[in-house]
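Report on the following structure.
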Amino acid sequence: MKFQISSILLAVAIFAIGCSTVTQVTTGVLQATGTITPQQAASINRSAAAIEKTFKDITPEQEFYIGRSVAATILTTYKPYNNEAATHYLNVLGQTLALAADKPETFGGYHFIIMDTDEINAFSAPGGFVMVSRGLIRCCRDEDALAAVLAHEVGHVENQHGLKAIKGSRLTGALTILALEAGKNLGGQNLADVTKAFEGSIGDITSSLVNKGYARDLEYQADASAIKILQRVGYNPAGLLDMLDQMKQRMPPGSAGFGKTHPDPQLRVEKAGAIIGTATPLTEPAARQARFAHFLRAL
């Protein structure tokens, strides 16, 4: 009982302070007074180190591998669309936009994938993995609108929105490690339960992106980044407003995809419109119209 109580108190202290040095001193005192054993002290210190690690910056390489795992998980549900010409078009457009972002390069480069579903949806995983559904692409009436979709997702990557979401899940995973370490001193079914919880933490990461989406202020920030990218490349930023308007018309209230994980399109139109202002509309070149029409025929 002494160990269980001290473990709970230490867990709270570790979570609040986030400092393994303080924890090591504390466990040293508890060990000296016989409250916990040397093995239990080492277990708690390992847990403290794991939690402290969640607050450190993740390297670009780690970001890439995390994002690749998340993307692979998403693509088990939303299968990639098997059309080489359409995928090539999307990647040429996406790479062009990414080069104009504040973060033009990632460890493994940007990757743009078409998801074979009529659901209106898109995901951007850390490291530059952008997945856009056929349903969302069909909401775009021209290449300016499609460029706005991709620029918005690049904006999420640029601002590391996915990484911020994953950091929160990684903290949950570290707290699970704390339970796992304590479980080593408990054994039996308790150990089995905390081990299962630890293994499920990876699923929690993907679930936070698919089921909850990004916070509203992060969506607005991605729209602001998209407008900046579009202007740098020479696309009409009003394409973002047109795309959002089309989404609003085609998405019934409470629908899956964007309707579940994104703010009301009208709210985004108002925020983005205030940034765009009364900019002079750009005339879309005939060649751009033709290649976009050809792309749509492949969908």
**Message:** Taking the criterion of being in contact with a helix residue (DSSP H, G or I) (Cβ under 8 Å, 6 or more places away or on another chain), at pLDDT below 70 and over 30 Å from Asn83 (Cβ atoms), would at least one residue in the range 265-280 satisfy it?
**Reply:** yes
**Request:** Would you check if Gly173 is at pLDDT below 90 and in contact with a His (Cβ under 8 Å, 6 or more places away or on another chain)?
**Result:** no
**Message:** Cβ-Cβ distance below 7 Å, separation of 6 or more or different chains: which pairs start in the range 67-81 with a residue that is assigned by TED's automatic domain parsing to the domain that holds Thr117 and end on one that is in a helix (DSSP H, G or I) and among the hydrophobic types (A, V, I, L, M, F, W, C)?
**Reply:** Val70/Ile205; Val70/Leu209; Ile74/Val210
**Asked** Restricting to the range 202-254, what's the tally of residues that are among the β-branched types (Val, Ile, Thr) and modelled with pLDDT under 80?
**Response** 4
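The values are calculated or read from the model by the stated rules, or taken from the named source; none is laboratory data. Predicted model, so just to flag it, every value in this text is computed and none were measured. When we count neighbours, we look across all protein chains shown, and the Cβ atoms used for this are built from the backbone with ideal geometry, even at glycine.
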